[in-house]
1. Scan the helices (runs of 4 or more DSSP H) fully inside region 58-131 and keep the ones with 2 or more residues being of a type in the set (D, E, K, R) and within 16 Å of the ligand (Cβ to nearest atom).
2. Every residue in region 300-348 that is modelled with pLDDT under 95 and open to solvent by 10 Å² or more (accessible area, probe 1.4 Å), please.
3. Tally up the residues in region 190-227 that are assigned to a helix (DSSP H, G or I) and hydroxyl-bearing (Ser, Thr, Tyr), please.
4. Run down 427, 383 and say which single residue is under 22 Å from the mean Cα position of the chain (by Cα), open to solvent by 10 Å² or more (accessible area, probe 1.4 Å) and among the β-branched types (Val, Ile, Thr).
5. Considering each of 149, 142, 180 in turn, give the residue that is under 16 Å from the mean Cα position of the chain (by Cα) and either open to solvent by 20 Å² or more (accessible area, probe 1.4 Å) or at negative phi (or both).
6. Can you spot a residue in region 291-303 that is out of contact with any helix residue (DSSP H, G or I) (no Cβ under 6 Å at 6 or more places or on another chain) and assigned to a loop (DSSP other than H, G, I, E, B)?
7. What about residue 122, is it small (Gly, Ala, Ser) and surrounded by 24 or more Cβ atoms within 10 Å (Cβ to Cβ)?
8. Tell me the residue from 195, 232, 228, 222 that is touching a residue at least 40 places away in the same chain (Cβ under 8 Å) and among the acidic types (Asp, Glu), please.
Amino acid sequence: MVQRISLIPVEERLRAIADAGYNTFLLKTKDVFLDMLTDSGVNAMSDNQFAGMMKADDAYAGSMTFYELAEAVEEVLGYKYVMNTHQGRAAEHLLTKVFAKPGDVVPTNYHFTTTKAHIELAGAACLEIYYDEALKTESTNPFKGNMDPDKLRNVIEKYGKEKVAFVRMEATTNLIGGQPFSMANLRQIRRICDEHGIILVLDGSLVCENGYLIRQREKGYEDKTVGEIVRETCGLADLYYMSGRKNTSVRGGLIATNNKALFEKIRPWLPVYEGFYTYGGMSMREIGAMAVGIKEMVDPAVAGCAVEQVKYFVGRLVETGIPVVTPPGGLACHLDAMKFLPHVPQSQYPAGSLSAALYMSSGIRSMERGTVSMDRDREGKEVLADVELTRIAVPRRVYTVSHIEYAVDRISWLYKHRDLVKGLKFVYEPPVLRFFDGRLEPIDDWGKGLSEAFKREIGDC
Ligand SMILES: Cc1ncc(COP(=O)(O)O)c(C=O)c1O
């Protein structure tokens, strides 16, 4: 469906962002022109997905729609056992509840916010095992999402294999720019897990983008279909989970595996935290749409739509001289806030400032992916992020090139006026996942100066 959007005048945008505590999560959609906050749960569904919703079997137990989904999961991902969860983080909750104990470690190619929170709530620690190249925002390395096998071996030696709850590979590392891992790397990690009897968990929330990028970038995969690559990827993991809000374009999640023993360890907890075995916290209608979405997601036209738009977006910003993460990744265009706003120290949240400033200069809602997205450590000390990114997501099948051109135009204007943007400070900070609900204030009231410059040079809108 289509939805009316409007671009409110700049003074109103200033008021809206101030009311939202300079946190784009707290904006109301009536004040947002292009909603590029996330690709999660906001992708356009297909006609067949809507049809899947209409004919869903709404039974509490034994719904045939769940069995349709299970068939689709087996066909596309190759897993025999599946359970739904209300979204990806609920899958993370169950996995960490069952497999992680206090004192354990979870090595990962890079953490995701909710994953890390669940690992830490289980009393375990999340360890980042990437190649140094992963944090170079400007790079030509095609697989910045690879895990460093030598570092993984060192971790296993240091902590002992019994302390490694599981190894987690995230298909396109969200927080460092949607960067893929290669199949060769996944195979190496699989081998190390096998040598030590460690469970390998795949976060496949963006498994199709990872597959599409492997097809484009890894030798030997150019003639394989995205579907074949996805099946091969899934075949290397012991346990798979995904937020269905991205690739399947619905609101839900799942855990799947071919390992019956592992599955049976998790299954008893499903009705406690999520719902009965055949719905697991999702509505049957969403499961109906997911059964279709899981087949559609491996269609190259679907798997590639965000990747190709992001490539275009990043390419245009590179041409314009704007600091942006390269190579382009899976889900969004990521501005490098430390290069965009070099005068704003990390302790004053440059990525948060840039996200707020971008909203003021364009009505575009992006997301802070930097220090605001890191929670404080156990002693209450600030943890500085490895990179400060302002993520401008491209929801699948929603925006066109002209929307992207608009964004490029306004980002360029903002870049010319970047000296007007200063830092932020927290005025309210929740104890966990503070980026969702935290409220901030601009240092020296910089929002006013920026909106006045905009009004002078561009006008209201
Ligand atoms: C890689 C990754 N894993 C897990 C999650 C959590 O999923 P959800 O938002 O459905 O809870 C997300 C969400 O953005 C994600 O990007």
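The values are calculated or read from the model by the stated rules, or taken from the named source; none is laboratory data. Small disclaimer: the values here were computed from a predicted structure and weren't measured. Reconstructed Cβ throughout: ideal geometry from the backbone, glycine too, with neighbour counts over all protein chains shown. Surface areas here come from the heavy atoms of the whole protein model, side chains and all, with no ligands, DNA or RNA. Shrake-Rupley method; radii C 1.70, N 1.55, O 1.52, S 1.80 Å.
1. Values: elements: 64-76, 88-99, 113-121.
Of the helices (runs of 4 or more DSSP H) lying wholly inside region 58-131, those with at least 2 residues that are of a type in the set (D, E, K, R) and within 16 Å of the ligand (Cβ to nearest atom) span 88-99, 113-121.
2. Once the filter is applied, which keeps residues that are modelled with pLDDT under 95 and open to solvent by 10 Å² or more (accessible area, probe 1.4 Å), region 300-348 yields 300, 301, 302, 305.
3. Filtering region 190-227 down to residues assigned to a helix (DSSP H, G or I) leaves 190-196, 207-217, 226-227.
Checking the rest, the ones that are also hydroxyl-bearing (Ser, Thr, Tyr) come to 212.
Counting residues in region 190-227 that are assigned to a helix (DSSP H, G or I) and hydroxyl-bearing (Ser, Thr, Tyr) gives 1.
4. Values: 427 fails: under 22 Å from the mean Cα position of the chain (by Cα).
None of the other options fit; the residue is 383.
5. Result: 180 is the single residue among 149, 142, 180 that is under 16 Å from the mean Cα position of the chain (by Cα) and either open to solvent by 20 Å² or more (accessible area, probe 1.4 Å) or at negative phi (or both).
6. Residues of region 291-303 out of contact with any helix residue (DSSP H, G or I) (no Cβ under 6 Å at 6 or more places or on another chain): 299, 301.
Then drop every residue that is not assigned to a loop (DSSP other than H, G, I, E, B), which leaves 299.
Within region 291-303, one or more residues are out of contact with any helix residue (DSSP H, G or I) (no Cβ under 6 Å at 6 or more places or on another chain) and assigned to a loop (DSSP other than H, G, I, E, B).
7. Values: small (Gly, Ala, Ser): yes; surrounded by 24 or more Cβ atoms within 10 Å (Cβ to Cβ): no.
When the stated conditions are applied, residue 122 does not pass them.
8. 232
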